[in-house]
1. Tally Lys and Arg at +1 and Asp and Glu at -1 over the other residues with C-beta under 15 Å from the C-beta of residue 29: what net charge comes out?
2. Using only Cα atoms, find the angle between the long axis of helix 126-137 and the longest principal axis of the chain, and express it within 0 to 90 degrees, rounded to the nearest 10.
3. Using Cα centres only, tell me the gap between the stretch 72-95 and the stretch 20-56 in whole Å.
4. Give me the number: length gained by fully extending residue 123 to residue 51, i.e. 0.36 nm times residue separation minus the C-alpha to C-alpha distance, one decimal in nm.
5. Subtract the Cα-Cα distance of residue 137 and residue 64 from 0.36 nm times their separation in residues, and report this length gain in nm to one decimal.
6. Residue 10 to residue 97: FRET efficiency via 1/(1 + (r/R0)^6), r the Cβ-Cβ distance, R0 35 Å, to the nearest 0.05?
7. Which ordering of 17, 84 is given by a fewest-first count of other beta-carbon atoms within 10 Å?
8. Give the relative contact order (percent, whole number) for the chain; include only Cα pairs under 8 Å separated by 6+ residues.
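The numbers here are math on the coordinates, done by the rules we state, and not lab data. Predicted, not measured: the structure shown is a model, and the values here were computed from it. Note: ideal-geometry Cβ built from the backbone for every residue, glycine included; neighbour counts use all protein chains shown.
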Amino acid sequence: MDKPLLNDPSIPPSPEVLRTALGDSYPAYEEMLEAVTGDEFGLLPEWRYYKDGKAWLCKMTFRKKTVFWLSAWDGHFKTSFYIVERHCRGIHDLEIDDNIKEGLKKASPSGTLFPVTMSISRKEQVKDLLTLVVYKKGLKV
């Protein structure tokens with residue numbers, strides 16, 4: 001089974017560490033980070049080591065709202081947006097890759113939240129992530 005990287009609590013995810021971990025997908029990570037932290041989206045990344053998952057995860061927030069989570073994997077990074085059931089229908093109406101929508105249909109909820117997960121390795125995929133950021137930021141809980 002595939003496991004997230006960045007498992008050493010004593011090595012924080014610096015740009016150099018991420019470049020090594022993500023390999024060829026690092027340019028997509030850089031583009032995503034520049035976009036989501038810029039003026040248009042205004043997200044704040046917060047890396048933290050989580051003992052339960054034994055890995056560093058990045059929580060992307062807007063004000064006090066968690067928009068999505070990010071983790072580093074071998075050659076790609078994953079993002080997970082968590083939404084309540086009533087907001088799932090809106091995901092299916094978005095102009096994003098059908099594989100993301102299919103993943104949501106097959107996803108098991110975590111409590112009352114459903115995960116919308118993406119594995120990103122190419123810059124072209126960042127557009128779908130930004131569409132999901134706009135959607136999630138616009139939701140009322």
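1. So the environment of residue 29 carries a net charge of -3.
2. Once rounded, the angle reads 60 degrees.
3. If we compute the Cα centre of each part, the gap is 15 Å.
4. In short, 22.9 nm is gained.
5. Full extension from residue 137 to residue 64 adds 25.2 nm.
6. After rounding to 0.05, the efficiency reads 0.45.
7. Taking fewest neighbouring Cβ atoms as first place, the list is 84, 17.
8. 25 percent
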